[in-house]
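J.: Can you read through this structure? Questions will come right after.
The values are calculated or read from the model by the stated rules, or taken from the named source; none is laboratory data. Keep in mind it's a predicted model, so treat the numbers as computed, not measured. Glycine gets a Cβ as well: all are built from the backbone with ideal geometry, and neighbour counts include every protein chain shown.
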Amino acid sequence: MKRVLVFLPVLIMLCLFLAGCGAGRQSAGDQAKDHPPAVEKAGQPGKEGSVAELFAKGRQVSGMSYEYILTTASGEMKGKVWLQGSRVKTDAVVAGQRMISFFDGETNTIVTYYPDRNRAVKLSADKQPKTVLTPGEYTGGVDPGKAKVLETVVYDGVRCRVVAVPGAGDQEEVRLWVREDYGLPVRVEVTSASGGKTVMEYKNLQVGPLPPDTFNLPPGVEVTDINKMLNQLSPGTGGAGKQP
């Protein structure tokens, strides 16, 4: 994130996320206990294939869209995400303002669109700014040999395997509700050593190629290229800031 001007909204989201996922808070743990996931036992684990085979399904998914709800001790964050190859679109409300971001991994650019003002800003980015993890990132780096299937349940209307994986840092345990058809988690519970709990839910998960215009700005949007402006102001580029 090279330009504070553009990434300030993203940084706000990131700070909110980190504030909730740092040291655990008992209030988050109490909240999770008061509202346990509604599940129905669907059978005994161990008969539906290995965890490695389950996670491999998720790696084969090339495109998807979903809504997310992140619940931490600091509160709740909601948003929508569209993924296709190296392109990502996010839609969320930050500090009362809706912003839609388009990241293109091939051109290493990010465009942040503000619908209320019908304006957008464009900036170069070495990598996609992170606010919350995508479903595949929870399973992509997990060693299947260290994962343990606890049970098979019906969660949110689909069959899922509840898989416990080792936590990182002060995380005591991570539990994943992984869809058997897609190999992607639709619920993630992270419990800290102090007992605090962070819950990520993925709703309305749709898997498959996305329409090409998913990552296009609406017509008529005014786009400000921050890189071009900075280059014009930088010394030695021939712009307004060139030294005599």
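J.: Surrounded by fewer than 19 Cβ atoms within 10 Å (Cβ to Cβ) and within 24 Å of P209 (Cβ to Cβ): does that describe R87? Write out each step before concluding.
T.: Working: surrounded by fewer than 19 Cβ atoms within 10 Å (Cβ to Cβ): yes; within 24 Å of P209 (Cβ to Cβ): yes.
Taking the combined requirement at face value, the residue satisfies it.
J.: Can I ask one more? Looking at the structure I just gave you, is Y138 more than 16 Å from the chain's Cα centre (by Cα) and of a type outside the set (D, E, K, R)?
T.: No; evaluated as a whole, the condition is false for this residue.
J.: What residue, among those in region 65-78 that are surrounded by fewer than 19 Cβ atoms within 10 Å (Cβ to Cβ) and within 17 Å of V188 (Cβ to Cβ), is farthest from the chain's Cα centre (by Cα)?
T.: First pass over region 65-78, keeping only residues surrounded by fewer than 19 Cβ atoms within 10 Å (Cβ to Cβ): 65, 67, 69, 75-76, 78.
Right, trim to within 17 Å of V188 (Cβ to Cβ) and you get 67, 69, 76, 78.
On the way: E67: 10, I69: 10, E76: 14, K78: 10 Å.
This residue is E76.
J.: Of these, A164, A147, A120, A92, which one is in contact with a Lys or Arg (Cβ under 6 Å, 6 or more places away or on another chain) and surrounded by 15 or more Cβ atoms within 10 Å (Cβ to Cβ)?
T.: On inspection, the qualifying residue turns out to be A164.
J.: Next question. Just give me the residues in region 114-159 being of a type in the set (A, V, I, L, M, F, W, C) and either within 30 Å of M99 (Cβ to Cβ) or not in a loop (DSSP other than H, G, I, E, B) (or both), in sequence order.
T.: Listed by number, the residues that qualify are A120, V121, L123, A125, V132, L133, V149, L150, V153, V154, V158.
J.: Pick from region 95-114 the residues that are without any contact (Cβ under 8 Å) to a residue 24 or more places away in the chain and surrounded by fewer than 17 Cβ atoms within 10 Å (Cβ to Cβ): which of them is nearest to A164 (Cα to Cα)?
T.: Of all residues in region 95-114, those without any contact (Cβ under 8 Å) to a residue 24 or more places away in the chain come to 96, 98, 100, 105-109, 114.
So of that shortlist, the ones also surrounded by fewer than 17 Cβ atoms within 10 Å (Cβ to Cβ) come out as 96, 98, 105-109, 114.
Numbers: G96: 36, R98: 35, G105: 32, E106: 35, T107: 37, N108: 35, T109: 36, Y114: 39 Å.
Top of the filtered list is G105.
J.: Residues that are at pLDDT below 50, closer than 29 Å to G195 by Cβ and of a type in the set (D, E, K, R): which helices (runs of 4 or more DSSP H) entirely in region 1-104 hold 1 or more of them?
T.: Working: elements: 4-21, 26-34, 51-59.
Fully inside region 1-104 and qualifying: 26-34.
J.: Give L217, L184, L230 a once-over and let me know the one that is of a type in the set (A, V, I, L, M) and at pLDDT below 90.
T.: Selected residue: L230, the only one of L217, L184, L230 that is of a type in the set (A, V, I, L, M) and at pLDDT below 90.
J.: From the list L210, L217, which residue is over 20 Å from the mean Cα position of the chain (by Cα) and either more than 16 Å from G136 (Cα to Cα) or not in a strand (DSSP E or B) (or both)?
T.: The unique qualifying residue is L217.
J.: Return a yes/no flag: does region 115-125 have any residue that is more than 30 Å from L230 (Cβ to Cβ) and at pLDDT 95 or above.
T.: Looking for residues that are more than 30 Å from L230 (Cβ to Cβ) and at pLDDT 95 or above, one finds none in region 115-125, hence no.
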